[in-house]
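The block underneath contains the structure these notes are about, expressed in structure tokens.
Bear in mind that the values in this text are calculations on the coordinates, not laboratory data. Keep in mind it's a predicted model, so treat the numbers as computed, not measured. Cβ sites come from the backbone with ideal geometry, for glycine too, and all protein chains shown count toward neighbours.
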Amino acid sequence: MTSCDDNYLSIAIPTPLRQMFDYLPPDSEANLQPGMRVQVPFGPRKLVGIIEAIKPESDYPREKLKKVSAVPDQSPLIPRDIMQLCRWASSYYHYSLGETLLQALPKALRQGKPATREKIALWSLTAPLDEAITQSLKRAHKQLKALQWLEKYPEGLSEPELREVGISKTILTQLQKKQRVVVHEVERIDQHFTEYANPLRQEPLNLNTEQAFALKGILACLTFHPVLLDGVTGSGKTEVYLQAIEATLKAGKQVLVLIPEIGLTPQTVRRFRSRFSVPVACLHSGLSDGERLQGWLAASRTIAGVLIATRSGIFTPLPKLGLIIVDEEHDNSYKQQDTLRYNARDLAIYRAKIADCPVVLGSATPSLETLVNARKGRYSHLEISSRAGHSRPPTLELLDIRQQILHEGFAQGLITRMQSTLDKGEQVMVFLNRRGYAPSLICHDCGEVMDCPHCDAHLTLHRTPPHMHCHHCDYQTAIPWSCPKCHSKNLQPAGQGTERCEQILEQIFPTIPLIRVDRDSTRRKNALSEILDRVQTGEPCILLGTQMLAKGHHFPDVTLVAIINADSGLFSSDFRGLEKTGQLILQVAGRAGREKKPGHVIIQTHNPQHPALQMLVSQPYSRFADSLMIERKQLKLPPEGYLALFRTESSMAAAGENLLKSLRHILLNHHQQGSVRVLGPIPAPMEKRQGRYRYQLLLQSYQRVSLHRLLDIAVKHLDSMKLPKDLRWTLDVDPQEMT
Ligand code: ADP
Ligand code: ZN
Ligand code: ZN
């Protein structure tokens with residue numbers, strides 16, 4: 001026990017202030033340690049904070065300091081390694097340590113709820129499934145599916161686990177009424193994952209040569225080494241992960257698997273759960289706060305052997321961490337776009353270093369940052385160049401649509417190909433990265449376009465339900481009857497979104513089932529999961545959707561993928577625009593022909609000569625990446641240089657610009673400025689958003705150290721300024737989007 005009588009506690013508190021706060025230990029005898037939560041008086045409020053350090057001295061006289069009012073935990077919730085990770089993140093992203101530490105905890109703990117494992121409700125069958133039951137539910141497809149699923153898990157399944165496979169509470173209640181299922185409240189088992197005799201529920205596949213080589217590379221040593229697993233779509237990366245996890249579990253270690261957005265890939269979670277008998281915890285936005293807390297506790301108390309999580313999972317304690325996997329490492333969703341603007345992929349490398357374990361970054365289209373690290377030898381580069389099993393790579397074809405008659409965006413050549421694919425009993429996927437009916441509504445008489453009153457953006461026209469919607473600030477309004485400028489009634493939708501595309505496809509293929517997948521059609525819980533199940537039945541259908549369709553799905557019967565408009569991404573003002581477009585096209589293309597039947601991809605374009613498109617269809621991804629790298633080198637842009645972006649937002653146009661001008665002045669005068677270029681201030685690409693004016697100041701350098709030294713100065717300067725009330729500034733280190 002530490003006697004804290006003469007000590008001071010340095011407490012992290014969630015405030016933007018870049019400082020810790022000193023408090024005195026509580027009266028009661030407690031075994032205080034850094035990483036424990038405390039409750040402290042803070043002004044008029046009581047806040048949950050975290051002991052950052054226990055120290056013998058304070059800059060303040062003892063009698064001026066307040067006492068901690070409560071210590072809810074017996075042991076630290078933030079262990080040493082997570083503390084170290086947070087310190088690093090806080091300093092690298094120049095963000096308050098207090099807020100960094102608190103955001104590392106699940107919301108329930110941040111709010112001061114107890115860190116206890118609660119009882120869990122488990123659903124199971126009342127009697128084994130037999131022919132009579134199956135017959136009686138022939139028309140209740142979903143109920144039958146639920147029973148079939150529960151049959152595989154005699155120990156019972158929880159509601160979130162059932163939700164992940166598309167079984168809702170409603171279905172369960174219906175079955176409960178028929179006395180087909182029961183629910184029991186049980187204590188959670190506190191058995192550690194290492195106590196399972198066999199971590200496997202299901203036998204692994206036989207790896208092919210390339211997969212086996214990759215697995216060997218990952219397991220070459222169990223100490224820190226980053227690996228890029230660069231395998232084409234459908235090459236069986238997931239199977240390699242599963243076997244690396246198996247080996248790690250057998251060595252008594254835990255595994256952290258980061259994936260982009262679990263809601264979008266329920267299949268992945270299913271695959272992991274079916275493989276392993278040890279508990280697989282999940283952390284993602286589809287869970288309630290209570291469910292998240294339970295997952296977090298299972299991981300941090302070594303009950304779960306595997307944690308599958310979205311980006312914030314990187315902060316979850318795993319005392320026996322032995323492997324980190326970052327799937328689809330190129331994905332933008334690893335970067336948090338507000339508060340602590342961290343990149344979970346980059347933090348994964350640092351965390352693996354602390355844990356001294358391997359870390360695998362997997363992708364068919366690795367980011368240029370990761371490719372450079374691999375090429376410079378910092379990461380080992382393991383490639384899988386062919387698809388697993390009997391599947392062959394899809395063929396890609398550019399369809400020149402210049403001067404062609406288009407049927408509402410579809411060339412005749414494409415329609416014919418779709419028809420013949422459907423005739424063969426196969427499925428077609430149509431990709432269009434715009435939701436809604438049309439991206440704008442335009443007056444045919446005077447040319448006026450309906451704009452958002454709060455943003456520099458057009459309003460998107462939606463038909464189901466009919467309304468105008470701003471996709472940037474969520475402003476919604478009725479569809480106007482007439483032009484606000486000339487009062488003409490001749491308003492016409494311009495351009496094409498998924499809703500309009502759906503309408504057209506229904507006209508062209510009236511007998512074919514059409515399945516639309518976008519944010520609007522999948523808003524309801526389980527919706528996506530149900531949609532994906534429909535596709536798995538293998539019946540001919542057209543699957544139409546946005547980039548939600550690109551993410552790692554495995555559709556065995558899709559053999560034709562059509563990309564309706566590849567051009568929109570080719571001329572983006574963002575320097576990463578082409579990289580992102582290329583990755584998206586290849587990921588979408590990667591959904592074609594993933595099993596025995598060969599896949600084909602048709603890309604409609606007005607720019608068939610565009611070198612990037614040419615390269616994408618005829619060369620491996622690495623050649624496309626090489627060509628982008630040349631430009632980045634010339635311009636000293638990432639990964640050949642480093643960026644940091646200051647942004648301001650204010651309801652007064654000049655306020656942000658003036659602040660950034662003064663910042664620029666300070667930075668240019670500073671002797672340490674050296675190799676850093678200061679560019680701007682300029683208005684953001686969308687100058688006005690949600691009624692606020694936005695400005696940017698960009699810092700660019702090929703030396704990370706000098707950049708960060710200057711950022712320290714900049715942040716100090718900004719912290720010392722007294723700002724007008726509604727002026728906000730933020731700093732984005734390694735920004736992913738320049739918006
Ligand atoms: P990726 O994650 O690289 O896109 P997946 O892991 O989803 O690829 O694999 C694609 C398909 O190939 C899956 O259906 C998977 O079951 C199958 N597969 C993977 N490895 C093998 C193997 N060694 N033998 C047979 N089939 C395999
Ligand atoms: Zn008009
Ligand atoms: Zn808006």
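Computed over the alpha-carbon pairs of region 31-102, the distance histogram in 10 Å steps reads 18, 45, 35, 3 percent, short to long. Using the alpha-carbon positions of region 265-337, Rg (one decimal) and Dmax (whole number) come out as 12.1, 36 Å.
Listed highest first by mean packing, meaning other Cβ atoms within 10 Å per residue, what order do 122-132, 542-552, 490-500 come in? If you can, show how the numbers build up before the last one.
Values: 122-132: 13.2, 542-552: 22.6, 490-500: 18.9.
So the order, starting with the most tightly packed, is 542-552, 490-500, 122-132.
Shape annotation for the chain: C-alpha extents along the principal axes are 82, 70, 54 Å, from largest to smallest.
Treat every Asp and Glu Cβ in region 604-739 as -1 and every Lys and Arg Cβ as +1, leave all other atoms uncharged, and give the resulting dipole magnitude about the Cα centre to the nearest 20 debye.
On the way: 18 positive and 12 negative charges, 62 e Å.
It comes to approximately 300 debye.
Rounded, prolate or oblate, given the Cα gyration tensor of region 152-208, with a/c below 1.5 counting as rounded? Display every interim value, and only then the final one.
Values: a/c = 2.79, a/b = 1.60, b/c = 1.75.
In terms of gyration-tensor shape, oblate.
Peptide packing for 720-726, 637-643 was compared via the average number of neighbouring C-beta atoms within 10 Å per residue; ordered from the highest value, the list is 637-643, 720-726. What Kirkwood Rh does region 513-584 have if only Cα atoms enter the pairwise 1/r average? Answer in Å. For region 513-584, the Kirkwood estimate is 13.8 Å.
How much space per residue, in cubic angstrom, does the convex hull of the C-alpha atoms of region 391-516 take up?
Details: hull volume 20.0 nm³, N = 126.
Roughly 159 Å³ of hull volume per residue.
Does region 216-302 come out rounded, prolate or oblate by the C-alpha gyration tensor, with a ≥ b ≥ c the root eigenvalues, rounded set by a/c under 1.5 and, if not, prolate when a/b is larger than b/c and oblate if not? Since a/c reaches 1.5 but b/c is at least a/b, the shape of region 216-302 is classed as oblate.
Loop only by DSSP, 10 or fewer other Cβ within 10 Å of the Cβ. Give me the GluC sites (Glu not before Pro) in region 1-91 that pass, ordered by residue number. Walk me through the intermediate numbers first.
Values: sites: Glu29, Glu52, Glu57, Glu63; in loops: Glu29, Glu57.
Loop-located and lightly packed - Glu57.
Run the quick spin-label model on Thr209 and Gln536: label points 7 Å from Cα toward the beta carbon, then report their separation in nm to one decimal. It works out to 3.4 nm between the two label points.
Averaging the sequence gap over all C-alpha pairs within less than 8 Å and six or more residues apart, then dividing by the number of residues, gives the chain a relative contact order of 10 percent.
With Rg and the Kirkwood Rh both taken from Cα atoms, where does Rg over Rh land for region 558-618? Numbers along the way, then the final one.
Numbers: Rg = 12.1 Å, Rh = 12.1 Å.
We get a ratio of 1.00 for region 558-618.
Just how large is the dipole of the chain about the Cα centre, in debye to the nearest 20, putting +1 at every Lys and Arg Cβ and -1 at every Asp and Glu Cβ? The partial results should precede the final answer.
On the way: 90 positive and 76 negative charges, 77 e Å.
Result for the chain is approximately 360 debye, rounded to the nearest 20.
The residue list Val678, Asn607, Thr648 was ranked by how far each Cα lies along the charge dipole of region 606-686 toward its positive end, using unit charges on Cβ atoms, and Val678 comes out on top.
Computing FRET efficiency as 1/(1 + (r/R0)^6) for Gln74 and Asp338, where r is the C-beta to C-beta distance and R0 is 41 Å, gives about 0.75.
How large is Rg/Rh for region 623-733, to two decimals, with Cα atoms and a Kirkwood Rh? Show your work: numbers first, answer last.
Working: Rg = 15.2 Å, Rh = 14.8 Å.
Ratio value, two decimals: 1.03.
Charge tally around Leu697: other residues with Cβ under 9 Å, Lys/Arg +1 each, Asp/Glu -1 each, net +3.
Working value for region 534-671: equivalent-ellipsoid semi-axes of 41, 20, 13 Å, each the square root of 5 times a Cα gyration tensor eigenvalue, largest first. Considering only Gln176, Val359, Val48, the residue lying farthest towards the positive end of the dipole of the chain is Val48, judged by Cα position with unit charges set on Cβ. Kirkwood analysis of the Cα pair distances in region 295-342 returns a hydrodynamic radius of 11.9 Å. Hydrodynamic analysis of region 461-511 uses the Kirkwood radius over alpha carbon pairs. Inserted into Stokes-Einstein at 10 °C and 1.306 mPa s, it gives a translational diffusion coefficient of 124 µm²/s. The fraction of all Cα pairs in region 64-183 landing in successive 10 Å bins from 0 to the largest distance is 11, 28, 17, 16, 17, 9, 2, 0, given as whole percents.
Once a ≥ b ≥ c are taken as the square roots of the eigenvalues of the Cα gyration tensor of region 363-428, is the result rounded (a/c under 1.5), prolate (a/b larger than b/c) or oblate (a/b not larger than b/c)? Write out the running numbers ahead of the final one.
On the way: a/c = 4.68, a/b = 1.96, b/c = 2.39.
Oblate shape, in that a/c is at least 1.5 and b/c is the bigger or equal ratio.
Do the sum for the chain: with -39,500 (n - 2.57) for every DSSP H run of n ≥ 4, divided by all residues, what is the mean residue ellipticity at 222 nm, to the nearest 500 deg cm²/dmol? Mind dumping the intermediate values first?
On the way: 21 runs with 225 residues, N = 739.
It comes out at -9000 deg cm²/dmol, rounded to the nearest 500.
Around Leu347, with a cut-off of 13 angstrom between Cβ atoms, what is the net charge of the other residues, counting Lys and Arg +1 and Asp and Glu -1? Working shown, then result.
Values: positive: Arg87, Arg311, Lys335, Arg341, Arg345, Arg351, Lys353; negative: Asp81, Glu329, Asp346, Asp734.
In short, +3.
Ordering 684-697, 170-183, 89-102 by mean Cβ neighbour count within 10 Å, with the highest value first, yields 89-102, 684-697, 170-183.
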